[in-house]
Amino acid sequence: QSQLVESGGGLVQPGGSLRLSCAASQFTFENYAVGWFRQAPGKEREGVSCISSHGRTSSYADSVKGRFTISRDDANNRAYLQIDRAIPEDTAVYYCAADWRPYPLICPVGGAYEIWGQGTQVTVSS
């Protein structure tokens with residue numbers, strides 16, 4: 001069945017950088033929009049970024065604009081979330097998700113997705 005597997009999480013110091021990866025399998029990844037979400041302790045899951053199918057457009061939550069960069073490599077069925085200038089508020093479990101959107105429409109942050117990964121922990125602490 002369709003799968004997404006996140007990796008790359010871990011401990012990073014404030015101001016540091018981390019790149020999360022999302023590996024897709026068993027579906028036609030290139031025709032799916034990819035969203036990144038996070039859930040911090042005691043908080044609801046929130047969308048942080050989205051990239052359209054074929055990587056034509058992307059969007060970011062206000063809290064991460066200028067610090068996070070979403071990208072995708074369709075040839076290798078992967079998407080990424082680059083975290084730069086990390087702050088403690090970025091601490092959360094990060095999830096990638098994919099949704100069948102074969103046309104590169106603008107994708108808003110958050111929303112409903114068909115396929116979800118298991119999450120990877122990011123901890124920003126000194």
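General remarks:
- 3J(HN,Hα) along region 95-109: 10, 9, 8, 10, 9, 5, 9, x, 9, x, 6, 4, 10, x, 5 Hz, from the Karplus curve 6.51 cos²θ - 1.76 cosθ + 1.60 with θ = phi - 60°, whole Hz, x for Gly and Pro.
- Theoretical gain in end-to-end length, residue 123 to residue 105 [0.36 nm per residue, Cα-Cα removed]: 3.2 nm
- If R0 is taken as 25 Å, the Cβ-Cβ distance between residue 13 and residue 74 corresponds to a FRET efficiency of 0.20.
- Karplus-derived HN-Hα couplings along region 12-18 (A = 6.51, B = -1.76, C = 1.60, θ = phi - 60°), whole Hz, x at Gly and Pro: 9, 6, x, x, x, 10, 8
- Placing dummy labels 7 Å off each Cα toward the beta-carbon, the span from residue 63 to residue 87 is 1.0 nm.
- Averaged over its residues, the chain has an accessible area of 50 Å² per residue, based on protein heavy atoms and a 1.4 Å probe.
- Shown here for region 1-64: trypsin sites (Lys or Arg not before Pro) in loop regions (DSSP other than H, G, I, E, B) with at most 16 other Cβ atoms within 10 Å, namely 43, 45, 56.
- Think of it this way: in the chain, no Cys stands alone, since each has another Cys Cβ under 4.7 Å.
- Global form of the chain, assessed from the alpha-carbon gyration tensor, a/c cut-off 1.5: prolate
- Heavy-atom accessible surface of the chain: percent carbon and sulfur, 1.4 Å: 47
The values are calculated or read from the model by the stated rules, or taken from the named source; none is laboratory data. Everything numeric in this text was worked out from a predicted model, so none of it was measured. Neighbour counts are summed over all protein chains in view; Cβ atoms, including those assigned to glycine, are modelled from backbone coordinates with ideal geometry. These accessible areas exclude ligands, DNA and RNA; they are computed on the full protein's heavy atoms, side chains included. Shrake-Rupley method; radii C 1.70, N 1.55, O 1.52, S 1.80 Å.
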